[in-house]
Amino acid sequence: MEHIRNFSIIAHIDHGKSTLADRLIQHAGLINKREFRDQILDSMDIERERGITIKSQTVTLPYKNDRGEDFELNLIDTPGHVDFSYEVSRALASCEGVLLLIDAAQGVEAQTMANLYAAMEHDLEIIPVINKIDLPAADIERVREEIEIELGLDSDAAILCSAKAGTGIEEVFKAITERIPPPKGTTKKPLSALIFDAQYDSFRGTIISCRVFDGSIRNGDTIRFVSNSATHRVEEVGVFRLKLERRKELSAGEVGYLIAGIKTVSDTSVGDTITLESNPSAVLLPGFKEPKPMVFSSVYPIAADDYLSLAESLDKYKLNDAALVYQKDSSAALGQGFRCGFLGLLHLEIVQERLEREFGQFILMTAPSVKYKFLLKSGEKVTVDNPHYYPDPGEIEKSEEPFVRIAIIIPERYMGAVMQLCMERRGVNSKFNYPTHGRIEINFDLPLAEVIYDFYDRLKTITQGYGSFDYEFLDYRESSLVKVDMLVNHEKVDALSLIVHQNNSRKRALNICERLKEEIPRQMFKIIIQGAIGGNIIARSTINPYRKDVTAKCYGGDITRKRKLLEKQRKGKSRMKMVGAVEIPQKAFISILKTDDS
Amino acid sequence: MAAEIKLKPGLYIHIPFCIKKCPYCDFYSTADSRLIPAWLDAVKREILLYREYSSSFSTLYFGGGTPTVINEHAMRELVGFLHENFTFLPGAEKTIEANPNDLSRENLKMLRDLGFNRISLGVQSFDRELLEFLERRHTVYEAEQAIELIREAGFSNLNIDIMYAIPGQTRDKWISTLSRAVSFKPEHVSCYQLTLKEGTPFWNLRKNSTICMPEETDEEAFFLETAKFLKHRGYLHYEVSNFARDMKYVSVHNSLYWKHHPYLGLGPAAHSFFNNTRWWNCKSVKQYLKSFEDGNTPVEGREELTDDQLRLESLFLNFRTTGGMDIESFQTFKRVGTVLPILEKSNLVKIKDGRVVPTTKGLLVADSIPCLFL
Ligand SMILES: Nc1nc2c(ncn2[C@@H]2O[C@H](COP(=O)(O)OP(=O)(O)O)[C@@H](O)[C@H]2O)c(=O)[nH]1
Ligand code: SF4
C-alpha cells in the first residue's frame, strides 16, 4: 500500500487536463508513441465537443522512481459539470490527492476555484501544476501570484509543465509519489469499497469502478451493496490499464474494477458501499446519495412510427446511465412518448444528443419541469412533474415548489449583477462569504424551476465564465403557481405547456410567443401563437403567411427536379413536428428554454 | 379535361437554337446556328431509334429554344422524316413555339402545310419599354403583325405567352398587356411570372442591385389580378400559369406532363416518360451530337419511379391544376384528416365533385401544399 497513490486531475475547461492525462499514460509506458492518440480518457464525442467530462474513466499507471521503487498510480478522472457534481465528489472521495492544473496563459479561473474547494472538502493533498509553459503568452509569475493570493496555496510548490511538449512530466510523477500520501486502510478489516462509477459493456454487463478502503475482494466472493443489500457473485476483478487487466484480488488502498453479473448500470448506485456477504462491514461510506432526478421532460419521436425504436433506444441508453429515469407518457398533440427525469438541464441535453447521435433517434422534448406539490381542497395531495397533470385550478388549496440552496463563487466585481440575477429569479435568504481575497461566495434559496430555466447560462454570461455554481435541494415552499398553455392556431400544444410562478407568467408566455415566431417557418396560412392561462389569452404573436411560392413552369425535366426537392424536404421533416397543419421545428421546442437576453 | 385525354403518347422535339440568348432565360439553347444541320441529322437518327416504339402519337410539340429559327428546308425535312417514321392520331394537337419576327405569310403557310394546328407565340409583353428591357428581338408591332398573319394563315388555335413581375412593370402596364393579348381572342394564354435563375445575366444584375424585383405581395397581386381578369373574359384558369378560352383549348400536350401520361422527347435536353420510367438526353448540342458519333444513345439519365415517387409527383402535379386530385387517391397521403379542413378553411382548396381542387389562392402556394402531406 505504501506504493499506491490515488489522484485526480482537476482544472478549468481547456487548461489541458485531457492532454496531461494522455501524457502521463504515455510516460508510464502504457502505450508507445505511435499509439498515442490525443485525449484517450475523454472517449465520448459529446464530451470532446463540449469540453466536459461526463463519464469518468480511470487508469492505473505503473511508475518506477529514481530509487527503483515500483508504484501504482491510479488516475481517477472526474466529470466537470454541476449536474454531475455528485459524481465528482465520489471520484474525489476515492483519492488522496489532486493535481490542480492551471493554464500558464489564462491563470486561475472560475472552475479552478470551484475545483479547489471540492478538493479541500475532501481533505486532499493539492499539487498546483502550471501547464502550457511553452506558450509565448505564458506568464508564470502572474500565475504564481494568483496561486498565492486567490487560491491561498504555496506557489513555490507549483510544478511547471507543458503537457503538450512533454516537459516537466517527470516532476509531476515525482510530486505525485512524494507529496500525495499513500492510502490508509487495512486488509484485516471487513471489505468496504466505494463505487465511484459504473459503465455498461454489452458483453460483460456492468463494470463497476471502485476504490477499496478496507479488506479485499477476490473472484468468487459474494458481495453485498450496503444501500439495498443486493448480493452478487464476483466474476472478475482487476485494474484499468487502457484495457481491463485481470487481477486475483483488489485490496485496501487499490482502485480497480469489478464484474459481478450485474445486468444494468441502474442496479448499482454511484456512492454505494460494497462489502462481503460473509463478513460485512456495517457502515456505509459517507456521502451516499441516491441519484435524484430534478428535472422532468417528455420525449417524443418526431415520427409517430418511431415510438418502438425510441423505446428500445432508451432501454439501451439506460444501461449506461443510471441517472436517467423514464416511463411511458402520451400527449394529444405529440402522440406516444416517455416522461423522463434528469439530474439537470445539461444531463437532459446530453441524453437528447446521445439519443440522436448514437441511436439515430429524431426526438422532441417538452419544456422541462420540476416536481410540484399540490394540496387539493378535498385534502388529497398530488405531486405533478408534468404540466399535463396540473390539477383543476379551482380544486387547488395550496401549491408548493421545490427550492434549492445555490452557492456561487465569483470575483467580487460581479457581485451586483449576480445579486440582481438571483433576485429576478425569486431568490431569498441571501448569505455572503469571503473565502479568499477578492472572491465572494453568494448563497441564495432559489426555486429550482428558476435554476433549470436558463440560470446557469445567464450566470456564465454575466460573469464572463468566472462564476462557479452549485446547488442542493432544500425543501418545498408554498408558491402561487399557474399553468400556461401555448396554442398554435388555437390548438393547444401540450408539449409547450408549463407551470410557472404567477408573476412570471405573462413575461414567460410573451417570451415563448416571440421565440416560436422566430423558429416556426412562415407557412401558407397565418399562424397565431397564443399563451393562455385557462381561457385567458395573456400573450400573442402572429406569423404572416407567405403569399406566393409557386414556380411558373413545370414541364418534362422540371418534374424530376421538383420531386427530388420534395423528397429532400420530406427528409427534413424528420425534424419537424406537425401540429394541425403547422410545422414546428424541433429547434422551436428547445428555443423556448432560453431567455431573451441570453 | 382530365377524362378525354387519350392515353396515346405525345411527341416532343427540342430545337435548341435561339438567335440571341435572352438575359433571363436558363433553358438550354445555343445561338450557334452552324450546328443546325448536324443537329438535324442527329435528331433523325434519334427518331430511328424509337420508330419501333410507338405506332401513333396524340400530340406533336416543337419547343425550344426558338423552333422558328430553323430554315424552311430543315423544317420540311424534319417534319417529313417524322411522318415517315411515326404516325399521329387524326386530329392530333400539333404545336410549334414561335417568335413573332420569324413569322411570315410564306413560313406560316408552310407550317400549316406541314400539319401544325397550334401556334404558341412568345410575345412576353405588349409594352415597348419592357420588351426592350427583356432584350427580345421583336417589337410590339411585330408581335401584333404576327398574330394577324397567324390568323390569316388559318390557325384557329393560338397561344400567347406573356410575362409579369418584370422590373419596372406596374400593374397598369400589366393589365394593358393582358387586355391587348385578349383583344386578339387567343384560344389560350400563358401568363408566366418572371423568375430569375442562377447564372443568368438578370440574376447577376439583381445581385448587384442594378435591377429590383417586385416584392412578394406584388407577385401575389399580379397573379390574383391576372386570374380575375382572364376569368371575367371567359378564360378557364386550368393550371398555375395557363388559361384556355374553352375546355377544348386546354393544351393537350402539356397536360400529358401533368398527368403522368407517356411522352417521348427527342433532341438535346429532352425528357421522356413511358411505363413509369423517365429518361433524359444530355443537355448540350455538342454532347448530343457526340453521342451519336460515338455510336451511343444521347440518353444521359434514367429513373424508374417507385409507386411512392409516382404518388408524390401526382400530388404536386395535381395541385398545380384546377382539376386537382380525386379524394380517394388523396386520402392515401399522411395527415389528410387534420390538414385538409384547415386548407379548406383558409380557402386554399375546396372539394368539388369528389375532387380536392386548389382555389386561385391555393394555386399561389401550389408548391407548398404537397409539403403538408409528406
Ligand atoms: N501550447 C500548449 N497547449 C496545450 C498544452 N496542454 C494542452 N494544450 C492544448 O489546450 C487545449 C485544451 O486541452 P485539453 O487537454 O483538451 O483540455 P481540458 O479541457 O482541460 O481537457 C488543447 O488544444 C490542447 O492541445 C500545453 O502544455 N501547451
Ligand atoms: S428565345 Fe426563348 S428559349 Fe431562346 S433565349 Fe429567349 S427565352 Fe430562352
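Each part reduced to its alpha carbon centroid, the stretch A:527-558 and the stretch B:260-339 end up 31 Å apart.
Distances between placed amide hydrogens fall under 5 Å for residue A:325 paired with A:341, all partners being 5 or more residues away or on another chain. Of the whole protein surface, residue A:388 contributes about 90 Å² of accessible area at a 1.4 Å probe radius. The accessible-area ordering, largest first, of the residues A:399, A:278 stands as A:278, A:399, per a 1.4 angstrom probe.
Looking at this model, which pairs from A:431/A:483; B:109/B:231; A:188/A:248; A:318/A:568 are more than 24 angstrom apart at the alpha-carbon? Before the final figure, lay out each step's value.
Values: A:431/A:483 32 Å; B:109/B:231 33 Å; A:188/A:248 17 Å; A:318/A:568 33 Å.
Result: A:431/A:483; B:109/B:231; A:318/A:568 exceed 24 Å.
Scattering from chain B was approximated by placing one identical point on each alpha carbon and applying the Debye formula without solvent; log10 I(q)/I(0) at 0.07, 0.13, 0.15 1/Å stands at -0.32, -1.19, -1.55.
Solvent-accessible surface of the stretch B:307-373, averaged per residue with a 1.4 angstrom probe and all protein chains in place: 39 square angstrom. Other protein chain C-beta atoms within 10 Å of residue C-beta, averaged over B:334-346: 3.
The solvent-accessible area of residue A:321, taken with every protein chain present and a 1.4 Å probe, is close to 20 Å².
In this simple spin-label model, placing a label point 7 Å from the Cα along the Cα-to-Cβ direction at both residue B:183 and residue B:233 gives a separation of 1.0 nm. The candidates B:72, B:216, B:93, arranged from most to least accessible area with a 1.4 Å probe in the full protein assembly, appear as B:72, B:216, B:93.
For chain B, a crude dipole built from +1 on the beta carbon of Lys and Arg and -1 on the beta carbon of Asp and Glu, taken about the Cα centre, is about 420 debye to the nearest 20. Compared with the direct C-alpha span, the chain from residue A:528 to residue A:336 gains 66.6 nm at full extension, assuming 0.36 nm per residue.
Suppose every Lys and Arg Cβ carries +1 and every Asp and Glu Cβ carries -1, with no other charges. What dipole size does chain A come out with about its Cα centre, to the nearest 20 debye?
That gives a dipole near 2580 debye.
Could you check the spin-label model distance between residue B:277 and residue A:2? Points 7 Å from the Cα along Cα→Cβ, value in nm. Computed distance between label sites residue B:277 and residue A:2 equals 8.6 nm.
Computed from point charges on the beta carbon alone (+1 for Lys and Arg, -1 for Asp and Glu), the dipole magnitude for the stretch A:477-598 about its Cα centre is near 660 Debye. Return the whole-Å distance between the Cα centroid of the stretch B:134-181 and the Cα centroid of the stretch A:464-513. Using only Cα atoms to place each centre, the spacing works out to 62 Å.
For peptide B:359-370, the mean count of partner chain Cβ atoms within 10 Å of a residue's Cβ comes to 5.
Using DSSP to define loop residues, name the trypsin sites (Lys or Arg not before Pro) in the stretch B:164-200 whose beta-carbon has at most 11 other beta-carbon atoms within 10 Å. Provide the component values of the computation, followed by the final result.
Values: sites: B:171, B:173, B:180, B:197; in loops: B:197.
Those that pass, being in a loop and sparsely packed, are B:197.
Applying 1/(1 + (r/R0)^6) with R0 = 41 Å to the Cβ-Cβ distance of residue A:517 and residue B:172 gives a FRET efficiency near 0.70. Per residue, the average separation of C-alpha pairs within less than 8 Å and at least 6 apart gives chain A a relative contact order of 10 percent.
For the pair residue A:228 and residue A:464, a Förster radius of 41 Å applied to the C-beta separation gives a FRET efficiency near 0.40, rounded to the nearest 0.05.
Going through the cross-link list A:564/A:587; A:517/A:564; A:492/A:571; B:21/B:185; A:562/B:283, which pairs have a Cα-Cα distance over 21 Å in this structure? Intermediate results must be reported in sequence, preceding the final value.
Numbers: A:564/A:587 24 Å; A:517/A:564 29 Å; A:492/A:571 26 Å; B:21/B:185 29 Å; A:562/B:283 18 Å.
Over 21 Å Cα-Cα: A:564/A:587; A:517/A:564; A:492/A:571; B:21/B:185.
Spin-label model, residue A:478 to residue B:50: label points 7 Å out along the Cα-to-beta-carbon direction sit 8.5 nm apart. When the P(r) of chain A is calculated, the portion above 30 Å amounts to 59% of the C-alpha pairs.
Farthest towards the positive end of the charge dipole of the stretch B:3-258, among the residues B:258, B:66, B:117, is the Cα of B:117, using unit charges on the Cβ of Lys, Arg, Asp and Glu.
Give the angle, between 0 and 90 degrees and rounded to the nearest 10, that separates the Cα long axis of helix A:345-359 from the longest principal axis of the Cα atoms of chain A. With rounding to tens, the tilt is 90 degrees.
Which percent of the accessible area of the stretch B:307-373 is formed by carbon and sulfur heavy atoms (probe 1.4 angstrom)?
Working: 1280 of 2600 Å².
Roughly 49 percent of what the probe reaches on the stretch B:307-373 is carbon or sulfur.
Annotation: residue B:237 carries an accessible surface of approximately 30 Å², with a 1.4 Å probe and no ligand, DNA or RNA atoms counted. The HN-Hα couplings worked out from phi for the stretch A:59-64 by the Karplus form 6.51 cos²θ - 1.76 cosθ + 1.60 (θ = phi - 60°) are 8, 9, 9, x, 8, 10 Hz, whole numbers, x standing for Gly and Pro.
Principal-axis analysis of the Cα atoms of chain A puts helix A:307-319 at an angle of about 20° to the longest axis. The HN-Hα couplings worked out from phi for the stretch A:522-537 by the Karplus form 6.51 cos²θ - 1.76 cosθ + 1.60 (θ = phi - 60°) are 4, 10, 7, 10, 5, 10, 10, 10, 9, x, 9, 10, x, x, 8, 7 Hz, whole numbers, x standing for Gly and Pro. Helix A:17-27 and the long axis of chain A differ in direction by around 40°, with both axes built from C-alpha atoms. Measure out, as a whole number of angstrom, how far apart the alpha-carbon centroids of the stretch A:341-400 and the stretch B:36-50 sit. First find each Cα centre; the distance between them is then 71 Å.
Apply 1/(1 + (r/R0)^6) to the Cβ-Cβ distance of residue A:549 and residue B:208, taking R0 = 30 Å, and write down the FRET efficiency to the nearest 0.05.
Numbers: r = 25 Å, r/R0 = 0.84.
Efficiency, from the Cβ-Cβ distance: 0.75.
Highest-first packing order for the peptide set B:205-213, A:442-450 is A:442-450, B:205-213, based on the mean count of other beta carbon atoms within 10 Å.
Within 10 Å of each Cβ in peptide A:558-567, how many partner chain Cβ atoms are there on average? Round it to a whole number, please. It would help to have the intermediate numbers written out before the result.
On the way: counts 2, 10, 10, 0, 7, 11, 2, 3, 9, 4.
Average per residue, whole number: 6.
Distances between placed amide hydrogens fall under 5 Å for residue A:78 paired with A:9, all partners being 5 or more residues away or on another chain.
Interface area, chains A and B: about 3600 Å² of buried accessible surface, summed, with a 1.4 Å probe and ligands, DNA and RNA left out.
Absence of a disulfide-compatible partner, taken as no other cysteine beta carbon within less than 4.7 angstrom, is noted in the protein assembly as shown for A:95, A:161, A:210, A:340, A:422, A:513, A:554, B:18, B:191, B:212, B:282, B:371. Relative to the current alpha-carbon distance between residue B:246 and residue B:297, full extension at 0.36 nm per residue lengthens the span by 14.3 nm.
The values are calculated or read from the model by the stated rules, or taken from the named source; none is laboratory data. Model, not experiment: these values are computed from the prediction. Cβ atoms come from the backbone with ideal geometry, glycine included; neighbour counts cover every protein chain shown. Just the protein is used for accessible areas: all its heavy atoms, side chains included, with ligands, DNA and RNA removed. Shrake-Rupley method; radii C 1.70, N 1.55, O 1.52, S 1.80 Å.
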